[in-house]
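The values are calculated or read from the model by the stated rules, or taken from the named source; none is laboratory data. Everything quoted here is computed from the prediction, not taken from an experiment. With ideal geometry, Cβ positions are generated from the backbone for all residues, glycine too; neighbour counts draw on all protein chains shown.
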């Protein structure tokens, strides 16, 4: 974009490259930074550099970490017979917030999606299989997203892992807590019926 | 936000401080940057630092600039008898894109808004008045936004500038080009009627 001021044009362009940020938002962010005290803007720039310098992916579970292996993989308090497979590092955060899971994780970094050209070889599936072979793992929980890609990935993994003699489970599908039955979609309601449990 | 990885938590927090970016978007941006090649992330960080290091506000018109006075204020090709008053540097860009204005600018950096605690003393109004006194300016175009705050600011400025013997004009209000009369709001349509011109 022409602004007459090169660094402003460049920052707008850099912001536009980020996902979900269009030219208007990029302009707004740039002019916001222009008005901020220099140290606040610098603090954002430093945070970006530090995230690239200090954070990488764990060689075992592929979650984000500052140490290798990561804190979860290295912990002696986690249940090593249980691995929860998720699509993204953010999913690990969501599960950790529940404080209900004490096993290990494996981050695939995506889901199988032929439409987007993402096949099994783009994901950390090989590494999952070599991790499972000869390990004390008794159960693999497939916690990929409950959508088309996530389900396809779960099916694919189940077919690879079951022959290893490891139990494969999937997170329950049903009505979200606090939701309204009247607004539930048909598929969710069907799953909730199928998965009904005795009280 | 807890992420277990301090630089990630810090970057999410820094992004959340930006306008229009909530915790979810901040997470998404952070994980996007984590996946980018290091030089692309560094390029964004550098653009932020450069914008703060190299860009400041022109001491005459308060528009963004890398030199003082700015390119427009310093240009011998601009009409020095005409000053267009706008709220933000982005408004200068919008007017420059028309290529129809050859005068100078004055950026107020806001509009009078008692609700937000912004009075005339928060804006670059004193500097505008001292600029006008003893200058060759014949006309001041008030190009503040056509909303409540912009109109209030224009009224306030008109009362200050008219006594100096300088013509004060306001941008025309009417139907936007390419719009549909049927969908125009009443106020705009009233203004369009009032401002009708002989063909």
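Quick check: is even one residue across the range A:66-88 outside any helix (DSSP H, G or I), touching a strand residue (DSSP E or B) at 6+ places or on another chain (Cβ under 9 Å) and within 18 Å of residue B:42 (Cβ to Cβ)?
No, that holds for no residue.
Can you tell me which residues in the range A:161-199 are surrounded by 10 or more Cβ atoms within 10 Å (Cβ to Cβ) and under 30 Å from residue A:126 (Cβ atoms)?
Scanning the range A:161-199 gives A:161, A:162, A:164, A:166, A:167, A:168, A:169, A:170, A:171, A:172, A:173.
Answer yes or no as to whether residue A:88 is surrounded by fewer than 17 Cβ atoms within 10 Å (Cβ to Cβ), out of contact with any helix residue (DSSP H, G or I) (no Cβ under 6 Å at 6 or more places or on another chain), within 8 Å of chain B (Cβ to nearest Cβ) and closer than 30 Å to residue A:165 by Cα.
Working: surrounded by fewer than 17 Cβ atoms within 10 Å (Cβ to Cβ): no; out of contact with any helix residue (DSSP H, G or I) (no Cβ under 6 Å at 6 or more places or on another chain): yes; within 8 Å of chain B (Cβ to nearest Cβ): yes; closer than 30 Å to residue A:165 by Cα: yes.
No, not satisfied.
For residue A:128, are the conditions met, namely being more than 14 Å from chain B (Cβ to nearest Cβ), surrounded by 18 or more Cβ atoms within 10 Å (Cβ to Cβ) and assigned to a helix (DSSP H, G or I)? Lay out the reasoning, then the answer.
Working: more than 14 Å from chain B (Cβ to nearest Cβ): yes; surrounded by 18 or more Cβ atoms within 10 Å (Cβ to Cβ): yes; assigned to a helix (DSSP H, G or I): yes.
The answer is yes for residue A:128.
Take residue A:115 and tell me if it is surrounded by fewer than 18 Cβ atoms within 10 Å (Cβ to Cβ), in a helix (DSSP H, G or I), assigned by TED's automatic domain parsing to the domain that holds residue A:151 and at pLDDT 90 or above.
On the way: surrounded by fewer than 18 Cβ atoms within 10 Å (Cβ to Cβ): yes; in a helix (DSSP H, G or I): yes; assigned by TED's automatic domain parsing to the domain that holds residue A:151: yes; at pLDDT 90 or above: yes.
Yes: the conditions hold for residue A:115.
List the pairs whose first member sits in the range A:118-132 and is over 11 Å from residue A:106 (Cβ atoms) and not assigned by TED's automatic domain parsing to the domain that holds residue A:164, whose second member is modelled with pLDDT under 95 and in a helix (DSSP H, G or I), and whose Cβ atoms are under 6 Å apart, counting only residues at least 6 apart or on separate chains?
none
Quick test of your reading of the structure: residue B:93 fulfils all but one of (1) at pLDDT 90 or above; (2) surrounded by 18 or more Cβ atoms within 10 Å (Cβ to Cβ); (3) within 14 Å of chain A (Cβ to nearest Cβ). Name the failing condition by number.
Result: residue B:93 fails condition (1) only.
Can you tell me which residues in the range B:1-55 are over 27 Å from residue A:6 (Cα atoms), within 7 Å of chain A (Cβ to nearest Cβ) and part of a loop (DSSP other than H, G, I, E, B)?
B:3, B:4, B:5 - these are the residues of the range B:1-55 that are over 27 Å from residue A:6 (Cα atoms), within 7 Å of chain A (Cβ to nearest Cβ) and part of a loop (DSSP other than H, G, I, E, B).
Within the range B:64-85, can you find the residues that are buried (at least 18 other Cβ atoms within 10 Å of the Cβ) and at the interface with chain A (Cβ under 10 Å from one of its Cβ atoms)? Steps first, please.
Filtering the range B:64-85 for residues buried (at least 18 other Cβ atoms within 10 Å of the Cβ) gives B:64-65, B:70, B:72-73, B:82-85.
Answer for the range B:64-85, where residues must be buried (at least 18 other Cβ atoms within 10 Å of the Cβ) and at the interface with chain A (Cβ under 10 Å from one of its Cβ atoms): B:64, B:65, B:70, B:72.
Assess whether residue B:140 counts as being buried (at least 18 other Cβ atoms within 10 Å of the Cβ) and outside any helix (DSSP H, G or I).
Working: buried (at least 18 other Cβ atoms within 10 Å of the Cβ): yes; outside any helix (DSSP H, G or I): yes.
Against the criterion (buried (at least 18 other Cβ atoms within 10 Å of the Cβ) and outside any helix (DSSP H, G or I)), residue B:140 qualifies.
For the range A:56-63, state whether one or more residues are surrounded by 15 or more Cβ atoms within 10 Å (Cβ to Cβ), outside any loop (DSSP other than H, G, I, E, B) and at the interface with chain B (Cβ under 7 Å from one of its Cβ atoms).
no
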